[in-house]
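J.: Handing you this structure, nothing more for now.
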Amino acid sequence: MSSFKGWFLAIAFTAILAHSSSATSVYFDFGYDNSTSAGSNYNDVIIDGAGGVRPQPIVLANTIDSTGASTGIGLSVSGFFPGGNPNGAGTGGTSLSGAAAATFVASSAVDNVFTHVAAFGNQATNPKGFVVLSGLNDSKAYDFTIFASRVGVGDNRETKYTVTGSNSAITYLNAANNTSNLTAVTGIYPTAGSITINVEKGPNNSNGTGFAYLGAMRMDYAAVPEPTTLGLMGLSSLGLIFRRRFV
Ligand SMILES: [Ca+2]
Ligand SMILES: [Ca+2]
């Protein structure tokens with residue numbers, strides 16, 4: 001690569017990073033009502049606890065972002081077992097660590113909502129859970145970072161997350177004894193203002209009941225720069241290159 005191209009790419013990348021710094025983040029804590037995260041500007045999706053089992057879908061009409069500001073983005077959660085799992089990272093002598101600790105608060109990582117393929121409790125099956133986001137902007141790309149954890153187990157509890165808008169992506173995370181790993185998909189565009197996340201057992205999951213988990217999620221998005229702004233950024237970058245090389 002010529003140095004000219006190298007400089008151009010470096011400056012363009014810097015411009016993208018600068019732009020990304022203005023991204024909005026929306027956090028979700030899926031699980032119990034005894035470890036809520038609203039105090040950290042999360043959106044709690046509580047499926048059971050002291051208040052009893054909540055009927056699904058669980059609907060949040062207007063979520064908040066990480067500053068506590070209303071987003072106008074709605075959430076509907078359905079299809080999961082009607083009860084949470086409180087046995088995530090932070091229980092059983094474990095603690096949240098690494099990338100997961102850097103991204104999510106402990107109260108969001110310790111509990112989950114979950115699906116199961118075989119019969120469990122009083123449920124024959126709940127093989128697929130759905131998280132539906134609404135009120136999104138079809139011209140914006142949305143990124144998703146996901147955590148799930150079930151400690152104290154000896155099998156594989158890989159979970160498959162399929163994120164679908166006008167495009168789609170699939171990612172996987174083994175929740176078994178996970179205290180640090182995240183998974184993510186990026187660049188999903190809504191269709192008719194909506195993106196759906198399906199949660200189900202992954203192909204490497206060896207659990208006899210086929211448990212799959214969703215513990216915490218962050219959604220990131222940024223304003224789309226106007227074409228004129230992009231053009232100015234490009235011209236500015238070129239100007240910088242010429243000053244660097246020829247002055
Ligand atoms: Ca929680
Ligand atoms: Ca949680």
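Every number in this text was worked out from the coordinates using simple rules, so none of it is lab data. All figures in this text were calculated on a predicted structure; none of them were measured in a lab. Here the Cβ positions follow ideal geometry from the backbone for every residue, glycine too, while neighbour counts run over all protein chains shown.
J.: Considering the stretch 13-113, what Rg and Dmax in Å follow from its alpha-carbon atoms?
T.: Computed over the Cα atoms of the stretch 13-113, radius of gyration and Dmax are 15.2, 49 Å.
J.: Under 14 Å from the Cβ of Arg157, count the other residues' Cβ atoms, weight Lys and Arg +1, Asp and Glu -1, and hand me the total.
T.: Once all neighbours under 14 Å are counted, the net charge is 0.
J.: Here is a further query. Please list 89-100, 39-50, 61-72, 206-217 highest first by mean number of surrounding beta-carbon atoms within 10 Å per residue.
T.: Put in order of decreasing packing, that is 206-217, 39-50, 89-100, 61-72.
J.: Let me ask something else. Can you tell me the dipole magnitude for the stretch 84-209 around its Cα centre, using point charges on the Cβ only (Lys, Arg +1; Asp, Glu -1), in Debye to the nearest 20?
T.: I would put it at about 100 debye.
J.: Measuring from centroid to centroid over Cα atoms, what is the spacing of the stretch 159-186 and the stretch 118-146 in Å?
T.: First find each Cα centre; the distance between them is then 11 Å.
J.: Moving on. Mind running the shape call on the stretch 35-189? Use the C-alpha gyration tensor, a ≥ b ≥ c as the square roots of the eigenvalues: rounded below 1.5 for a/c, prolate if a/b tops b/c, oblate otherwise.
T.: Taking the square roots of the gyration eigenvalues as a ≥ b ≥ c, the stretch 35-189 is rounded.
J.: Something else now. Please identify which residues in the stretch 191-210 have an amide N closer than 16 Å to a label point set 7 Å out from the Cα of Asp155, following the Cα→Cβ vector.
T.: 200-210
J.: Tell me, in nm to one decimal, what length is gained between Thr162 and Ala141 on full extension, where the rule is 0.36 nm per residue of separation less the Cα-Cα distance?
T.: Stretched fully, the Thr162-Ala141 segment lengthens by 6.0 nm.
J.: Here's something else I'd like to know. Note down the relative contact order for the stretch 21-124 as a percent, whole number, built from C-alpha pairs under 8 angstrom at least six residues apart.
T.: 27
J.: Spelling out what I want: for every residue of the stretch 82-90, take phi, set θ = phi - 60°, compute 6.51 cos²θ - 1.76 cosθ + 1.60 (Karplus), and round to whole Hz; glycine and proline get x.
T.: Listing the rounded values in order: x, x, x, 10, x, 10, x, 3, x Hz.
J.: In addition: What net charge do the residues around Ser66 carry, taking every other residue with its C-beta under 15 Å from that of Ser66, with Lys and Arg at +1 and Asp and Glu at -1?
T.: Net charge in that neighbourhood comes out at -4.
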